[in-house]
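This report concerns only the one structure given below.
The values are calculated or read from the model by the stated rules, or taken from the named source; none is laboratory data. Given the structure is predicted, the values throughout are model-derived calculations rather than measurements. Here the Cβ positions follow ideal geometry from the backbone for every residue, glycine too, while neighbour counts run over all protein chains shown. Quick note on the areas: whole protein, heavy atoms, side chains included, nothing else; ligands and nucleic acids left out. Shrake-Rupley method; radii C 1.70, N 1.55, O 1.52, S 1.80 Å.
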2 protein chains.
Amino acid sequence: MSNFILQGNLCYSTDMDRIETREHAYLVCLDGRCAGVFDTLPARFAQLPLHDFGDRLILPGMTDLHVHAPQFAFRGLGMDMELLEWLNTYTFPEESKYRELAYAERAYGSFVSHLRRSETTRAVVFATIHVPATELLMQKMEDAGLCSYVGKVNMNRNCPDYLREASTLHAVRDTRRWIEETKDRFKRTKPIITPRFIPSCTDDLMFALRTLREEFDLPVQSHLSENFSEIDWIRELCPRSKHYGDAYDQFGLFGGSYPCIMAHCVHSNEDEQALIKERGVYIAHSPESNMNLASGVAPVNQFLSNGLRVGLATDVAGGSHESMFRAVMHAIQASKLRWRLLDQNVKPLSFERAFYLATMGGGAFFGKVGSFLDGYALDAVVLDDETLDHPQQLSVRARLERAIYLADERNIAAKFVAGMRLF
Amino acid sequence: MSNFILQGNLCYSTDMDRIETREHAYLVCLDGRCAGVFDTLPARFAQLPLHDFGDRLILPGMTDLHVHAPQFAFRGLGMDMELLEWLNTYTFPEESKYRELAYAERAYGSFVSHLRRSETTRAVVFATIHVPATELLMQKMEDAGLCSYVGKVNMNRNCPDYLREASTLHAVRDTRRWIEETKDRFKRTKPIITPRFIPSCTDDLMFALRTLREEFDLPVQSHLSENFSEIDWIRELCPRSKHYGDAYDQFGLFGGSYPCIMAHCVHSNEDEQALIKERGVYIAHSPESNMNLASGVAPVNQFLSNGLRVGLATDVAGGSHESMFRAVMHAIQASKLRWRLLDQNVKPLSFERAFYLATMGGGAFFGKVGSFLDGYALDAVVLDDETLDHPQQLSVRARLERAIYLADERNIAAKFVAGMRLF
């Protein structure tokens, strides 16, 4: 079932500075993994089922490294505030609705169905504090055929009563129950420890999450250095930390021996960047969100050149859209304005690097994901770009670039995740 | 034929800081113009044909104040250079193809058909130097039912031989012929004097264009203060001018007694801004293009507060997409990064102001256009936002905001230009 061949115009990163394009080539999938790209199909594979996609483009599925499923319901709304005010005004009231399963059913149904139709094959997702709704979301993600980590959010301070875990004890009890109920339930959907961010969690909750993380050997996700007011707040809340990242590290929730994602890192200073690198923390670069909330622009090209791990994220609903194509576009655009307006030492992102971020960069959080190199999981998106009409012939490389700027889910003709065809 | 009534949820600017929303209201159109918005239809209009659009949104059509029709063919490509290199590498080779009418037929056919389906009802367009292709474009714009000014481009220096008017004499002869052939040929499509920009035109050609402009009483469009290298170049080319705008003014091509559009104005200094205001020059703010070509961000909120005339533009193919919805989004996003990264004295654009720019702001170049206030031309776009699903009821104002971020041409259910229904 997961042994087959895709034929079409293959486009994939081989490293962060190179996109390989292979016209009318064959991509062999064995046991859900890439097993070679060929211009002529070797005889030994002649018996495998062949999906011939003609002149269409075939690219690796994209990984959205940071997205808030409950916020999808207010995407494209409330773009007139900075982070902390935005959380209190729009986000927390919306997230509180997920205490009701009927609402979660509708809202998560919408989120998952949009994600399924999109170019995203893998995602790392924030849910809310509510266990039943989070489990519902995980079931929906699993049923959609996507691969994901989903986090029940922890928050027990600096948030309204209606969206606060009643005590650290309650929080730990709920989180433990959720982990036990979900860690082995799904094939493609796994739990991830998810303190919202330090201001939302008391110290004892943070330490308790560290203990749970160790007990169940789970990865971690949170937010880091997104906004100046947030960073000032951390200085008050954690006066003994050298920087925001160090504060997570002191709580034992900053990677190292286990996978960890920190969203944003817009304003991470040199020391923080050094610790991110040392701990192997993944940065979820969220360019549209960082524009919409007027946070700024992370020096993502510098992160890449310095060997930090970086992926791309929509950060819905800081970002307005689930499309990772749009995220690639926004990453390039934001990097150009950062270069022009702020710092000419960090060059704009090339198309190659932005595409890499969306595929191999974030995909690495899931292992060998985001390319068609041998051994990579067969995540693929088949793009029909005929509607993006052009008066002349274009190279495959040119078609790929313009599809990022112009294509949407209508252009996705087929989608495979880990060797399984979704549509 | 152009007396009728639209019923639906009306959304329109009344000034730059206010969007009026009227639920399930009636918009009366008499002789192609708005003749009142009513919650209950007055008896005197009861005999007019009624288009009932139910729960859909109805907004004014949008004006794209600056778009290069021939560049539509390479939209979404070649986003890796700044202006002057980009012109030489991508733009000029593409524009030279329009010497062949067969190519122009294909490429302009694509451009016009996309524009017709979009939220744009009016546009101010650059063509190329070629008279036959420019006339073909004008015919297609007319046939599509859009209102536009279209400019045959003038350029006779600092451009490749294959895209250069052979001499000032040739340029003037061609331009005169084109004006004479088109000025009265169309109902909705008019010529506009279009020197590409000062570096492309010798002084004698600029003075000759001034004379033609006066003779035929035409408006003018060109480019101004987009990029630092361009501005440096103007200092060399026009050493006696106080600034780039003053150089146009010395050639007699900077508005005052006639309408004039200058695209970009990203780096206009105070003196230039003062002259723009004094001459009543329209600024075509092109946020996506200014990001893609790493030009910067114009202080458009300050322009508005200071009483300058500003509209919004896609500037395809500096901008990747013909969508004015995207242009509104990009205008807000770019203004936030400008505020965050460069200058906290100019606040980010509000949604109200960005919407105003796309409707009333640029519409004013065409007269009373871009609102549903009495006397405004009936340009309307009917939006079906049902596919932008939401788990709860939303206000009309909220639906409008999210449609800007999320809608595309699929959501446009009907379109009217100057009282004529296009679809």
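If the only charges are +1 at each Lys and Arg Cβ and -1 at each Asp and Glu Cβ, what is the size of the charge dipole of chain A around the Cα centre, to the nearest 20 debye?
Dipole magnitude for chain A comes out near 520 debye.
Among B:L169, B:A263, B:T40, whose Cα lies farthest out toward the positive end of the dipole of chain B, if unit charges sit on the beta carbon of Lys, Arg (+1) and Asp, Glu (-1)?
Value: B:T40.
Which is the longest part of chain B that has none of the trypsin sites (Lys or Arg not before Pro) sitting in a DSSP loop with at most 16 other Cβ atoms within 10 Å?
It works out to B:1-156.
Label chain B by shape, choosing from rounded, prolate and oblate, from the square roots a ≥ b ≥ c of the eigenvalues of the Cα gyration tensor; if a/c is under 1.5 it is rounded, and otherwise prolate applies when a/b is larger than b/c, oblate when it is not.
Prolate is the answer for chain B, as a/c is 1.5 or above and a/b outweighs b/c.
B:S167 to B:F216: FRET efficiency via 1/(1 + (r/R0)^6), r the Cβ-Cβ distance, R0 22 Å, to the nearest 0.05?
0.55
Let me spell out the model: positive unit charges on the Cβ of Lys and Arg, negative unit charges on the Cβ of Asp and Glu, origin at the Cα centre of the range B:40-119. What dipole size does that give, in debye rounded to 20?
Result for the range B:40-119 is approximately 440 debye, rounded to the nearest 20.
Does the range B:298-423 come out rounded, prolate or oblate by the C-alpha gyration tensor, with a ≥ b ≥ c the root eigenvalues, rounded set by a/c under 1.5 and, if not, prolate when a/b is larger than b/c and oblate if not?
Oblate, because a/c is 1.5 or more while a/b does not exceed b/c.
How many angstrom lie between the Cα centre of the range A:151-210 and the Cα centre of the range B:227-276?
Value for the Cα centre distance between the two parts: 59 Å.
Just going by the charge dipole of the protein assembly as shown, with Lys and Arg at +1 and Asp and Glu at -1 on Cβ, which of A:L304, B:L77, A:A102 is farthest out on the positive end?
Farthest towards the positive pole: A:A102.
For the range A:40-78, list whatever residues lose no less than 20 Å² of accessible surface once every protein chain is in place, relative to that chain by itself, with the probe at 1.4 Å.
Checking the loss per residue gives A:A73, A:R75, A:G76, A:L77.
Run the quick spin-label model on B:S305 and A:D203: label points 7 Å from Cα toward the beta carbon, then report their separation in nm to one decimal.
Computed distance between label sites B:S305 and A:D203 equals 4.3 nm.
Select from B:H223, B:H264, B:H285 the residue whose mean-square fluctuation is largest in a Gaussian network model of chain B (Cα-Cα springs shorter than 10 Å).
Largest GNM mean-square fluctuation: B:H223.
Kindly provide the helix-only [θ] at 222 nm of chain B, computed as the sum of -39,500 (n - 2.57) over DSSP H runs of four or more divided by all residues, to the nearest 500 deg cm²/dmol?
The helix contribution divided over chain B gives -10000 deg cm²/dmol.
Under a plain spin-label model, where a point goes 7 Å from the Cα along Cα-to-Cβ, how far apart in nm are A:L30 and A:K368?
1.1 nm
In the range B:251-291, what percent of the accessible surface is made up of carbon and sulfur (1.4 Å probe, ligands and nucleic acids excluded)?
Roughly 42 percent, rounded to a whole number.
For the range B:327-372, list whatever residues lose no less than 50 Å² of accessible surface once every protein chain is in place, relative to that chain by itself, with the probe at 1.4 Å.
Residues shielded by partner chains are B:Q333, B:K336, B:L337, B:R340, B:L341.
What accessible area per residue comes out for chain A, rounded to a whole number of Å², with a 1.4 Å probe?
33 Å²
Let's see if you can work this out: charge +1 on each Lys and Arg Cβ, -1 on each Asp and Glu Cβ, no other charges. What is the dipole magnitude of the protein assembly as shown about its Cα centre, in debye to the nearest 20?
660 debye
What are the residues of the range B:277-326 that lose 50 Å² or more of accessible area, with a 1.4 Å probe, going from their chain alone to all protein chains?
The answer is B:M291, B:A294, B:R326.
For the pairs B:K152/B:K415; A:K140/A:K347; A:K242/A:K347, note any where the Cα-Cα span goes beyond 31 Å.
A:K140/A:K347
Could you state the number of Å between the C-alpha centres of the range A:350-400 and the range A:34-97?
What the calculation gives is 12 Å, centre to centre.
Quick one: grab the alpha carbon gyration tensor of the range A:214-289, order the square roots of its eigenvalues as a ≥ b ≥ c, and give me rounded if a/c is under 1.5, else prolate or oblate depending on whether a/b is larger than b/c.
oblate
Summed for both chains, how many Å² of accessible area, to the nearest 100, are buried between B and A with a 1.4 Å probe?
4500 Å²
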